[in-house]
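To start, the structure under review is shown below, and the notes come after it.
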Amino acid sequence: MKKQEVQAIKNIVNSHLDIDVDKISREYLYVKGRAICYKILRDECLLTYNFIGQQFKKNHATVLHALNEFPFMLKSDPSMDNSYQEILSIWTTNGDDYINLKPLQLKKQVSELKTKNKTLTQLVEDANSRLEELSNKANNKWGKYKSIVDLMEQRVPDYKLNRFEKKLKEIINGL
C-alpha cells in the first residue's frame, strides 16, 4: 500500500505541475515537485526518509534536506505554496482516485473535465440568454399601455390601489 500511495502522490504532482518528478533534473520545477511529494509523504503518510528516498532513487539525506528547506522554499515562492496547498487538498479529498493511475490517464481525465466544463459553460450562457430574453419580454408586456402603467405606478400609492382599481373598472365598463 505504501508504494501505491507514493505513486498516487507522484501522479497528482505530475498532473498538477505538468512534469515527471522521476526525471533526473535539478531544474527548479522538478525540485519543487519532488519537495512537495516528500512533504506530503512524510507528513500525511508518515513514511520514513529512507523509504521516500528509495521511491525517488534518492538518498535519505536528500529527502531530509529538501524537507528542512521546504519552509524557506514556500516563503521565497508563493506559487509553490499555492501548488502545495492545492495538491495537498487533492490528496486529502481524492487521494484514492489517483492510486494506480498513470499520468496519461490523469491527462485524459483532465481533458474530459475540460470538455464537460465547456459544455456546462455553454449551458449557463444559453440559460442567461434565455433569462434576458424573458426579462425583456416581461418589460415589454404592456406594449401600448406601458405609459399608462408607468403613470399608475408613479401616482397611485399602494394604500389607494383597491379604490383606484374600482374606479378604473367603472371607467372601462362604462365605455
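Principal axis lengths of segment 69-142 from Cα atoms, whole Å, largest first?
70, 32, 18
List the pairs from Lys57/Lys108; Lys75/Lys116; Lys2/Lys32; Lys10/Lys118; Lys3/Lys32; Lys116/Lys141 whose alpha-carbon separation is above 25 Å, in the order I gave them.
Too far apart for the 25 Å limit: Lys57/Lys108; Lys75/Lys116; Lys10/Lys118; Lys116/Lys141.
For segment 39-119, give the magnitude of the charge dipole about the Cα centre (Cβ charges: +1 Lys/Arg, -1 Asp/Glu; no others), in debye to the nearest 20.
My answer is approximately 400 debye.
In the chain, if the dipole is taken from +1 on Lys/Arg beta carbons and -1 on Asp/Glu beta carbons about the Cα centre, which of Ile52, Ile9, Asn117 is farthest to the positive end?
Looking along the dipole axis, the top candidate is Asn117.
Where nothing but the Cβ of Lys and Arg (+1) and of Asp and Glu (-1) is charged, how large is the charge dipole of the chain around its Cα centre, in debye to the nearest 20?
The calculation lands at about 440 debye.
What does the charge count around Ser79 come to, taking other residues whose C-beta lies under 11 Å from its C-beta (Lys +1, Arg +1, Asp -1, Glu -1)?
Net charge around Ser79: -2.
Evaluate segment 120-174: find the radius of gyration of its Cα atoms, find its Kirkwood radius, and give the ratio Rg to Rh.
When Rh is taken as the Kirkwood radius, the ratio is 1.25.
Could you identify which residue out of Lys146, Lys23, Lys116 has the top mean-square fluctuation in a GNM of the chain using Cα springs shorter than 10 Å?
Lys146
May I ask you to sort Thr119, Thr62 by Cβ crowding, counting other Cβ atoms within 10 Å and putting the fewest first?
Listed from fewest to most nearby Cβ atoms, that is Thr119, Thr62.
Could you work out the per residue convex hull volume over the alpha carbons of the chain, in cubic angstrom?
233
Values in this text are rule-based calculations from the coordinates and carry no lab data. Note that the structure is predicted; figures quoted are calculated from it, not measured. Quick reminder, even Gly has a Cβ in these numbers, built from the backbone with ideal geometry, and neighbours come from all protein chains shown.
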